[in-house]
Structure formats: C-alpha cells, structure tokens
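Asker: Following this message is one structure expressed as structure tokens.
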Amino acid sequence: MYLAAESRYESMAYNRCGRSGLRLPMVSLGLWHNFGGVDQFENGRAIIHRAFDMGITHFDLANNYGPPPGSAEENFGKLLATDLAAYRDELVISTKAGYTMWPGPYGDFGSRKYLLASLDQSLKRMGIDYVDIFYSHRRDPDTPMEETLGAVATAVQQGKALYAGISNYNAEDTRTACRILRDLGCPLLIHQPKYSMFVREPEAGLLDVLGEEGVGCIPFSPLAQGMLTGRYLDGIPADSRAAKSHGFLQASDITDQRLDQIRRLNEMASSRGQSLAQMALAWVLRDARVTTVLIGASSVEQLEQNVACLENREFSGDQLAAIEEILS
C-alpha cells in the first residue's frame with residue numbers, strides 16, 4: 001500500500017491562483033505524455049508517487065491524453081482507486097475537452113453537447129465524482145463563446161467541476177471569457193497557454209489580461225518540447241522527438257540558429273549552477289502572473305531534476321538582459 005511521505009509539504013512552495021482561494025504548487029505535473037496505454041504503467045505510477053511525495057498536488061489531464069485517447073485518464077483513475085483514494089482531498093485534478101475525441105460532429109471543438117458529454121466520460125474513466133478544474137481546451141471559432149463557456153459553468157453548477165479554466169485562448173478572447181463566466185457567476189480561475197523562452201506570444205497581451213482580471217496562469221510546454229534541455233546540444237539524436245516523422249517537434253524546428261541559442265543558453269545555465277531545463281523553468285516562473293509551471297516527466301529522476309528548478313529562481317537584471325540578447 002502506498003503511503004505518502006509525511007514531509008511532502010515541507011519543501012514545495014504554493015501560489016494563490018489569481019484572486020481565488022486556491023493555491024497551486026509552483027510545479028505541477030502534466031500527464032500529456034508517458035502515462036497512456038502505450039506506456040509502462042508502473043513507471044507512471046512511480047512518477048506520480050514521487051511527485052506527490054515532493055508536494056506536487058496538481059495533476060493535469062485532458063480527455064484525449066494517451067495514446068490512445070482517454071488512456072491517461074484511465075491509468076490515473078486506477079492509481080486514484082488503488083493508491084491515492086485516501087488523499088483525494090489533497091489533490092487538484094484537472095481535465096479538458098476541445099480537441100478530437102470521438103467520430104462524428106459531436107466529438108470535437110466547443111459545443112455544449114461535446115463538452116458536457118466529454119466531462120461525464122472523463123469522470124467515469126477516472127472513477128471520481130468531480131474534477132477540480134474543467135477546461136475548454138481551445139477556442140471554437142464556429143461556436144459562440146457563450147455556449148462553450150456556458151457548458152463549463154454548467155459543469156461547475158452541477159458539482160462535476162469546482163473551477164472553470166480555458167486553454168489556448170488569445171488575449172482578446174480571454175478577456176471576453178472572463179466577462180461571460182463572471183456574468184454566469186462562475187469566475188475564470190486559470191488559463192493554460194503555451195509559453196517558453198522560444199514561445200513568447202503570451203507576453204503580447206495575454207499575461208496583462210490575466211493580471212488585470214485576476215486569473216491564474218499555468219504554462220504548458222515550458223521546455224519547448226525538449227528543445228530547452230540538454231537533449232539537442234549536439235544536434236538531433238536518433239531516438240529524440242524531433243527525429244520522428246510525427247509529433248509537435250520536427251527536425252525542421254532544430255535550425256542552426258536555434259542550436260546556437262540552445263548552446264548559449266546552456267552556458268548561461270551552467271554559470272548559474274543549473275541545467276538548461278532548470279533555468280528554462282525558473283525563467284517562466286519569474287513572472288508573478290504565472291501561478292505554476294506544468295512539467296512532464298518520463299522518469300522519477302527527470303521529475304526530481306525539473307523540480308530542482310525551484311532551488312534557484314532568481315535572475316539578475318544582467319542575466320535577463322543576456323537571455324533577451326540570445327533570444328533576439
């Protein structure tokens with residue numbers, strides 16, 4: 001039987017999520033990769049155990065995480081039933097709907113029918129009565145936001161979710177979402193954007209909106225699909241994500257200019273006594289509007305190394321300026 005470490009809350013720091021009463025760990029664990037049906041269940045189990053023992057209370061999922069779609073929720077549900085049931089009230093569990101999940105016109109995007117049906121399926125897969133955060137995973141350009149966000153608010157009103165979230169919405173739509181959800185009596189808790197040293201779009205208005213509206217921020221892909229690690233310092237390894245013909249990171253993304261930036265950033269990280277990944281995570285957390293950073297992990301060792309980013313989160317003005325020069 002799994003027993004959580006008694007010291008689990010001694011080293012992790014927790015930030016208030018926007019203006020809400022919810023506090024999230026500065027590092028949260030995402031189950032996008034490495035926790036699906038094609039992955040080793042016991043490895044995922046060991047990672048989740050260690051994460052909770054280190055004070056990571058927030059576990060982020062979506063209906064389509066796997067592969068196959070749904071399998072990450074199924075595996076997490078098994079762990080909840082066998083290992084974590086006694087700790088449910090210490091956990092923040094999130095899921096999302098918005099990307100393709102099943103055939104036909106009702107298994108994708110942002111209709112009320114899709115979102116609420118998807119949430120019911122997610123709850124069944126995980127064997128729980130509610131999730132803590134339910135996200136609209138992406139903006140549906142063909143469905144009124146009032147319908148999409150009204151469905152999220154309904155989930156909260158029905159007790160199937162405690163908080164409302166959105167992901168991949170731009171700054172203007174985020175401000176509109178805040179208004180719609182506020183009018184429905186269901187304030188927007190959190191936004192999950194893609195944000196890293198190599199993906200800076202949230203700085204062009206979104207972070208300002210989140211700060212003004214009192215909404216939390218949990219960036220995903222803070223390591224740019226592995227580019228901001230030591231993985232590509234010597235080029236593209238044969239077994240890396242960029243070497244595969246499918247996926248979000250392609251070999252064409254690893255340009256000579258990008259490799260030069262990666263190597264220069266790695267030198268700076270070394271001068272700070274950190275790995276490149278640790279510095280990249282600390283850099284995302286430098287902004288007070290960022291509540292927590294969402295990491296993935298393929299091993300317990302990788303998890304521990306990434307969480308160690310919290311040991312050195314401060315940047316001097318000269319260091320920030322040097323990073324900007326490298327990225328320009």
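Asker: Any residue in segment 283-296 that is closer than 21 Å to Met12 by Cα, out of contact with any helix residue (DSSP H, G or I) (no Cβ under 7 Å at 6 or more places or on another chain) and of a type in the set (S, T, N, Q)?
Answerer: yes
Asker: Would it be correct to say that Asn34 is of a type in the set (S, T, N, Q), farther than 30 Å from Ser111 by Cα and open to solvent by 10 Å² or more (accessible area, probe 1.4 Å)? If you could, list the steps in order and put the result at the bottom.
Answerer: On the way: of a type in the set (S, T, N, Q): yes; farther than 30 Å from Ser111 by Cα: no; open to solvent by 10 Å² or more (accessible area, probe 1.4 Å): yes.
No.
Asker: Against the condition surrounded by 16 or more Cβ atoms within 10 Å (Cβ to Cβ), touching a helix residue (DSSP H, G or I) at 6+ places or on another chain (Cβ under 7 Å), outside any loop (DSSP other than H, G, I, E, B) and among the aliphatic types (A, V, I, L, M), how does Leu181 come out, does it pass? Show your work before the answer.
Answerer: Numbers: surrounded by 16 or more Cβ atoms within 10 Å (Cβ to Cβ): yes; touching a helix residue (DSSP H, G or I) at 6+ places or on another chain (Cβ under 7 Å): yes; outside any loop (DSSP other than H, G, I, E, B): yes; among the aliphatic types (A, V, I, L, M): yes.
Here the answer is yes, as Leu181 does meet what is asked.
Asker: Further question: Phe59: of a type in the set (Phe, Trp, Tyr), surrounded by 18 or more Cβ atoms within 10 Å (Cβ to Cβ), under 16 Å from the mean Cα position of the chain (by Cα) and not in a loop (DSSP other than H, G, I, E, B), yes or no? Write out each step before concluding.
Answerer: Values: of a type in the set (Phe, Trp, Tyr): yes; surrounded by 18 or more Cβ atoms within 10 Å (Cβ to Cβ): yes; under 16 Å from the mean Cα position of the chain (by Cα): yes; not in a loop (DSSP other than H, G, I, E, B): yes.
Yes; evaluated as a whole, the condition is true for this residue.
Asker: Of everything in segment 232-254 that's open to solvent by 60 Å² or more (accessible area, probe 1.4 Å) and over 25 Å from Leu61 (Cβ atoms), which residue is modelled with the lowest pLDDT? It would help to see each step written out before you state the result.
Answerer: Looking only at segment 232-254, we keep the residues that are open to solvent by 60 Å² or more (accessible area, probe 1.4 Å), and these are 234, 236, 238-239, 241, 244-246, 248, 252-253.
In the following step, the residues that additionally are over 25 Å from Leu61 (Cβ atoms) were identified as 234, 236, 238-239, 245, 252-253.
Numbers: Asp234: 77, Ile236: 67, Ala238: 60, Asp239: 61, Ser245: 52, Ser252: 67, Asp253: 71.
Ranking the candidates gives Ser245 first.
Asker: With respect to the numbered conditions (1) in a helix (DSSP H, G or I); (2) surrounded by 18 or more Cβ atoms within 10 Å (Cβ to Cβ), which one is the sole condition not fulfilled by Ser28?
Answerer: Failed condition: (1).
Asker: Picking from Asp83, Asp53, which residue would you name as being over 21 Å from the mean Cα position of the chain (by Cα), over 26 Å from Ala155 (Cα atoms) and surrounded by 15 or more Cβ atoms within 10 Å (Cβ to Cβ)? Don't jump to the end; show me each part of the working.
Answerer: Details: Asp53 fails: over 21 Å from the mean Cα position of the chain (by Cα).
Result of the check over Asp83, Asp53: Asp83.
Asker: What residue, of Leu294, Leu265, Leu281, is at pLDDT 95 or above, assigned to a helix (DSSP H, G or I) and under 15 Å from the mean Cα position of the chain (by Cα)? Don't jump to the end; show me each part of the working.
Answerer: Working: Leu294 fails: assigned to a helix (DSSP H, G or I); Leu265 fails: under 15 Å from the mean Cα position of the chain (by Cα).
Only one candidate passes the filter, namely Leu281.
Asker: Now for a different question. Taking the options Arg8, Arg19, Arg45, name whichever one is among the charged types (D, E, K, R), modelled with pLDDT of 95 or more and within 19 Å of the chain's Cα centre (by Cα).
Answerer: Numbers: Arg8 fails: within 19 Å of the chain's Cα centre (by Cα); Arg19 fails: within 19 Å of the chain's Cα centre (by Cα).
Criteria check complete, one pass: Arg45.
Asker: Would you please list the contacts, defined by Cβ atoms under 6 Å and residues six or more apart or on different chains, that run from a residue in segment 96-114 that is of a type in the set (Asp, Glu) and at pLDDT below 95 to a residue that is open to solvent by 30 Å² or more (accessible area, probe 1.4 Å) and part of a loop (DSSP other than H, G, I, E, B)?
Answerer: none
Asker: Checking the condition more than 29 Å from Val209 (Cα to Cα) and free of Cβ contacts under 8 Å to residues at least 12 places away in the same chain, which residue from Ala46, Ala5, Ala85 passes?
Answerer: Working: Ala46 fails: free of Cβ contacts under 8 Å to residues at least 12 places away in the same chain; Ala5 fails: free of Cβ contacts under 8 Å to residues at least 12 places away in the same chain.
Just one listed residue meets the conditions, Ala85.
The values are calculated or read from the model by the stated rules, or taken from the named source; none is laboratory data. Everything numeric here is computed off the predicted structure, so don't read it as measured data. Cβ coordinates were reconstructed from backbone atoms using ideal geometry, including for glycine residues, and neighbour counts include every protein chain displayed. All accessible areas refer to the heavy atoms of the entire protein, side chains included, with ligands and DNA or RNA removed. Shrake-Rupley method; radii C 1.70, N 1.55, O 1.52, S 1.80 Å.
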